[in-house]
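The values are calculated or read from the model by the stated rules, or taken from the named source; none is laboratory data. If you're wondering where the values come from, they're calculated on a predicted model, not measured in any experiment. Heads up, the Cβs are rebuilt from the backbone with ideal geometry, glycines too, and the neighbour counts pull from every protein chain shown.
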Amino acid sequence: MKIFFIFFSFFLISCANYKPLTGGNVDILSPRFIYSIPNNFSTDIQVNLKKIQIFFDENIILNNIYHHNHVIVNPYYIRKYIIIHPGNLPRKYISIRFIKTLKKNTTYSIQFNNCIKDNKEENVLSFFEYVFSTGKNIDLTYIKGNITNFKNKKNTIIGLYKYNDDMTLSLKKKPDYIAFIDYENNKYKILHIEKGKYLLFCFYDENDNQIYEPNKKELIFFKKTLFLSKDQEYLYHIQISK
């Protein structure tokens with residue numbers, strides 16, 4: 001009887017310590033950039049460039065790539081002339097195709113914000129940027145800042161317009177550069193800007209077309225003339241007018 005009790009106690013302890021199989025470690029790492037064709041931060045790229053491929057260490061999918069704040073393309077005019085794959089099809093690379101000839105001596109930046117994730121665990125790569133230039137150098141000028149009184153976040157646009165004698169006509173088009181807006185921390189940034197004189201313009205975009213339309217009662221929140229003359233960081237805080 002004593003032997004049976006010892007055996008039964010051992011059986012209960014063994015059952016209590018049993019751990020089910022987990023199937024291996026869970027992947028908690030974001031996709032990792034491996035290489036690209038052409039190389040990231042390349043210069044002297046031909047204006048007739050047709051395709052870019054960006055390779056990662058695992059299968060990835062893209063999410064919300066058509067929202068202007070998830071994929072920032074600058075100068076902004078080229079955004080409507082590119083096609084981005086794979087979308088929801090898992091692959092180890094992103095393919096970017098150009099359907100318009102590029103401009104000479106221009107730095108192009110394509111920023112992916114919280115939209116690249118791995119196919120299995122959906123770990124998100126919070127930020128990835130691909131940059132190239134059709135000239136000899138990469139433009140390194142950028143602006144950033146805080147946004148105060150930031151309430152109507154969904155349809156707010158922050159853009160840079162090249163300054164000219166008739167800014168009324170310029171504001172009827174999409175910005176030359178568009179900002180990434182960090183909604184959680186009320187911050188913005190615009191990277192790789194060509195040196196020059198600009199109008200920093202913040203407005204409410206009711207139609208979600210990135211064009212200021214005063215006849216639609218779209219509000220101007222902020223505007224300021226900037227002189228960007230050096231490859232450096234410029235800090236401009238935006239206070240939203242009430």
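For residues that are modelled with pLDDT of 85 or more and of a type in the set (Asp, Glu), scanning just the range 214-242, find the one that is surrounded by the fewest Cβ atoms within 10 Å (Cβ to Cβ).
Only one residue fits best here, namely Glu233.
Which of the residues that make up the range 58-102 are touching a helix residue (DSSP H, G or I) at 6+ places or on another chain (Cβ under 9 Å), assigned to a loop (DSSP other than H, G, I, E, B) and aliphatic (A, V, I, L, M)?
The answer is Ile99, Leu102.
Yes/no per residue for (1) in a helix (DSSP H, G or I); (2) under 23 Å from Thr141 (Cβ atoms); (3) outside the structural domain of Thr156 (by TED's automatic domain parsing); (4) in contact with a helix residue (DSSP H, G or I) (Cβ under 9 Å, 6 or more places away or on another chain):
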{"residue": "Glu184", "(1), (2), (3), (4)": "no, no, no, no"}
{"residue": "Ile190", "(1), (2), (3), (4)": "no, yes, no, no"}
{"residue": "Leu199", "(1), (2), (3), (4)": "no, yes, no, yes"}
{"residue": "Cys202", "(1), (2), (3), (4)": "no, yes, no, no"}
{"residue": "Asn207", "(1), (2), (3), (4)": "no, no, no, yes"}
{"residue": "Ile211", "(1), (2), (3), (4)": "no, no, no, no"}
{"residue": "Asn215", "(1), (2), (3), (4)": "yes, no, no, no"}
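Take the range 142-188 and flag every residue that is of a type in the set (D, E, K, R), surrounded by 14 or more Cβ atoms within 10 Å (Cβ to Cβ), over 19 Å from Ile211 (Cα atoms) and in contact (Cβ under 8 Å) with a residue 40 or more places away in the chain.
The answer is Lys144, Lys187.
Test Ile158 against the criterion of being modelled with pLDDT of 90 or more, part of a strand (DSSP E or B), of a type in the set (A, V, I, L, M) and not assigned by TED's automatic domain parsing to the domain that holds Val73, and give yes or no. Can you show your working first?
Details: modelled with pLDDT of 90 or more: yes; part of a strand (DSSP E or B): yes; of a type in the set (A, V, I, L, M): yes; not assigned by TED's automatic domain parsing to the domain that holds Val73: yes.
Yes: the conditions hold for Ile158.
From the list Ile83, Ile65, Ile94, exactly one residue is buried (at least 18 other Cβ atoms within 10 Å of the Cβ), in contact with a strand residue (DSSP E or B) (Cβ under 6 Å, 6 or more places away or on another chain) and not basic (Lys, Arg). Which is it?
On the way: Ile83 fails: buried (at least 18 other Cβ atoms within 10 Å of the Cβ); Ile65 fails: buried (at least 18 other Cβ atoms within 10 Å of the Cβ).
Only one candidate qualifies: Ile94.
Let me confirm something: among Phe128, Phe132, Phe180, Phe98, which residue is under 14 Å from the mean Cα position of the chain (by Cα), on the phi < 0 side of the Ramachandran plot and at pLDDT 95 or above? Walk me through how you get there before you give the answer.
On the way: Phe132 fails: under 14 Å from the mean Cα position of the chain (by Cα); Phe180 fails: at pLDDT 95 or above; Phe98 fails: under 14 Å from the mean Cα position of the chain (by Cα).
None of the others qualify; the one that does is Phe128.
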